[in-house]
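I have placed the structure first, in the form of structure tokens, so that the comments after it can refer back to it.
The values are calculated or read from the model by the stated rules, or taken from the named source; none is laboratory data. Remember, predicted model here, so these are calculated numbers, not experimental data. Cβ atoms come from the backbone with ideal geometry, glycine included; neighbour counts cover every protein chain shown. Remember, those area values only see protein heavy atoms, side chains included, never the ligands or the DNA or RNA. Shrake-Rupley method; radii C 1.70, N 1.55, O 1.52, S 1.80 Å.
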Amino acid sequence: MSKKKPVKAAASSLRGVANMEEARTWVASRGIEELECVVPDQAGVARGKIMPASKFFNAPAMNLPSSIFHQTIAGEYPDEDVPGAGDPADADLVLEPDFSTLSVVPWASDPTAQLIHDCYHRDGRPIEVAPRQLLRRVIELYTKKGWFPIVAPEIEFYLVKPNTDPDYPLEPPVGRSGRPETGRQSYSISAVNEFDDLFEDIYDYSEAQGLEIDTLIHEEGAAQMEINLRHGAPLELADQVFMFKRTIREAALAHNIYATFMAKPIANEPGSAMHIHQSVRDKAGKNIFSNAKGDPTPEFFAFIAGQQKYLPHVMCILAPYVNSYRRLTKAATAPINVAWGYDNRTTGLRVPPSKPESRRVENRIPSSDANPYLSIAASLAAGYLGMMEGGQPTEPVEGSAHGLDYDLPRGLLEAVALFEESEALEGVFGRSFMATYAAIKRGEFETFMRVISPWEREYLLLNV
């Protein structure tokens, strides 16, 4: 049960051009006055500059300080030395536009367009720690083998009342009935219809940007929704998730509602995930997970084995914040291990029912707060390493996997330690990125430790 809206055939023409001259024509034909020059940072936050369109086309190279890739979610910088991970002088990076991402900003008050940029050193080398570059590195490993990964993300999020005081818990918003949800409404059409005006805006904003929604459903939690995207190339889909998050937040704000992608925003409600469906094709477009008879191949099982072996080591990417681990608890709907099974939603790795040409592995571990570039890169890297090693997975689980032991780290610092100890991942990601990312996560944990929680006041204030 889902809500669908037809995608116009011309949607692809609304997004992306080939080069600067085509961009100039595209901007002029739409009367665009401003351009948002955007760079996704380690948290998936949009950094960059806004400038008049005329200046964009006439200005020399655009720059940003290298520190944008070393910032924590709190806007601070790690208090530790990271060898080879940054420029102590905080020199400028050179920004280069990716014209395939050019699209309008439909919620802007003046005619505005947006354009995702990549970052380079002045000598032309890509910035090693940039999330888009990391995903490209992983894709290139597949390309060298004649393989082409395909992904399809599913993103869960909550709608909540505006919350201007962080000391107060989040609450479901009031819909068109005048009442907030009080019970769980999994797959309810009427619960989605409570926010019809908001979702019409999301569809309209998405269509204007050339973004394609496959389905929209109501998830298990109160005012928890899920949007599924159509499958495609990893970098393109990561760009779409990056832009969708922004689109959903902006549409919600226009209706005096917050949209949050926190992994566990409400204590007694389910967490929010970003499931990633993954398959791999060869140069002829054939799915390498199925052979000519339609049976699973050694590569399929090795891919799963790689996910089982390495996903625990990239958990600080798939679950990047202290809050992320509140979602991963026993008896919850989120997985706590890397067990796998056929059409089994209790396992961390699910093989959905499909035809042989669509055989894929769904990674159900990432939370919706994860950076889409980094989480897709990490998940594909795990599968790639498995295929390189020719591993064999465990036996598939039949029935519930919720009673199995934890395979995944229970907290952020444990996850960072597992991340740093993996030599195989260092060979894929590079030492510079791994050192930078680990330092950022430790810095965020230290920020969290400065906050006294309600639990501590409730149980320790008068009892210890």
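Here the contact order of the chain, divided by its residue count and restricted to Cα pairs under 8 Å and six or more residues apart, works out to 17 percent.
Take 334-343, 120-129 and order them by the average number of nearby Cβ atoms within 10 Å per residue, most first; the result is 334-343, 120-129.
Helix content alone sets the calculated 222 nm mean residue ellipticity of the chain: runs of n ≥ 4 DSSP H residues at -39500 (n - 2.57) each, divided across all residues, give -9500 deg cm²/dmol. When +1 charges are put on Lys and Arg Cβ atoms and -1 charges on Asp and Glu Cβ atoms, the dipole computed for segment 281-337 relative to its Cα centre reaches about 160 debye.
Where does the charge balance sit around Glu80 when Lys and Arg score +1, Asp and Glu -1, over other residues with C-beta under 13 Å from its C-beta? Spelling it out: positives minus negatives among the neighbours equals -4.
Each other residue within a Cβ distance under 9 Å of Gln71 adds +1 if Lys or Arg and -1 if Asp or Glu, for a net charge of -1. Sequence-distant contacts, meaning Cα pairs under 8 Å at least 6 residues apart, place the relative contact order of segment 319-399 at 27 percent. The mean sequence distance of close C-alpha pairs (under 8 Å, at least 6 residues apart), as a share of the length of segment 239-317, puts its relative contact order at 11 percent.
The listed peptides 306-317, 390-401, 184-195, 230-241, ordered by packing as a protection proxy, come out as 306-317, 230-241, 184-195, 390-401 (highest mean of other Cβ atoms within 10 Å first). For the residue pairs Lys309/Lys330; Lys283/Lys309; Lys145/Lys245; Lys145/Lys355, the alpha carbons lie more than 31 Å apart in Lys145/Lys245. Positive end of the charge dipole of the chain (Lys, Arg +1 and Asp, Glu -1 on Cβ, about the Cα centre): tell me which of Ile50, Leu408, Tyr203 has its Cα farthest that way. Value: Tyr203. With every protein chain in place and a 1.4 angstrom probe, the accessible-area ranking of Leu418, Leu349, largest first, reads Leu418, Leu349.
Most tightly packed first, judged by the mean number of other beta-carbon atoms within 10 Å of their residues, the peptides 255-266, 165-176, 433-444 read 433-444, 255-266, 165-176.
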